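Engineer: First the structure, then my questions, so here it is.
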Amino acid sequence: MDITRRYNRALAQKPLLTKVLTGAILASLGELTSQLTTGFISKKQQGILKKLSYVGKIIARNPSKILLMFCYGGFINAPINHYLYGWITQITNGKIVSTKLRKLVQLIASLAIVSPIQVGCLVSALTVVNQNVGWALSKYPSMIRENLKAKYFKILSSSLVTSTILVSIAQRYISPAKWSVFFNFAYAILGTGQNIYLKIASTAK
């Protein structure tokens, strides 16, 4: 497809920028999807926005949340994937001759380094997005600590299982240069699922 060729050319010419834009768009779409799924729009503002489409209502209701996830996906998650997986594949492919040992080291590095960092950033970002305290910035650190304490290891344990499967797929089917793109897409889907879960949990309180 022409779009695929253009994307691959952009990825080859400006890898980090392409991945940042990809991650930003995917994360913001994930936030929009989670809001659509959970019906996150207040009845009070439905009257004001009744002439807009449902998607338009969501965007108009929570532009800051979508923008926050845009920034998280582009400026936090994408660089993590780009640099860490780039570092892992570069070192292991350059220094480990044995295929089995190389794959094992890549998996261990992913589980021990990438997953813990990603989960911590994801839980923190979703805490900020899903807590309705506006610009009361002083409240966020305690909320983030509380959510990290309550949810970090639970999400990390499931992430380790998922990461094992994803790394195995990447090792077999994805070129090292495109690992971070693959993980961007995969974790965008998983992050959307976690976002939906946290939104439902927050409304149930």
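The values are calculated or read from the model by the stated rules, or taken from the named source; none is laboratory data. Every value quoted in this text rests on a predicted model; they were computed, and no experiment measured them. Quick reminder, even Gly has a Cβ in these numbers, built from the backbone with ideal geometry, and neighbours come from all protein chains shown.
Engineer: Given (1) more than 28 Å from Thr127 (Cα to Cα); (2) at pLDDT below 60; (3) assigned to a helix (DSSP H, G or I), where does Lys51 come up short, assuming only one miss?
Structural biologist: (3) is the only condition that Lys51 fails.
Engineer: With respect to the numbered conditions (1) surrounded by 13 or more Cβ atoms within 10 Å (Cβ to Cβ); (2) without any contact (Cβ under 8 Å) to a residue 40 or more places away in the chain, which one is the sole condition not fulfilled by Gln106?
Structural biologist: Going through (1) surrounded by 13 or more Cβ atoms within 10 Å (Cβ to Cβ); (2) without any contact (Cβ under 8 Å) to a residue 40 or more places away in the chain one by one, Gln106 breaks only (2).
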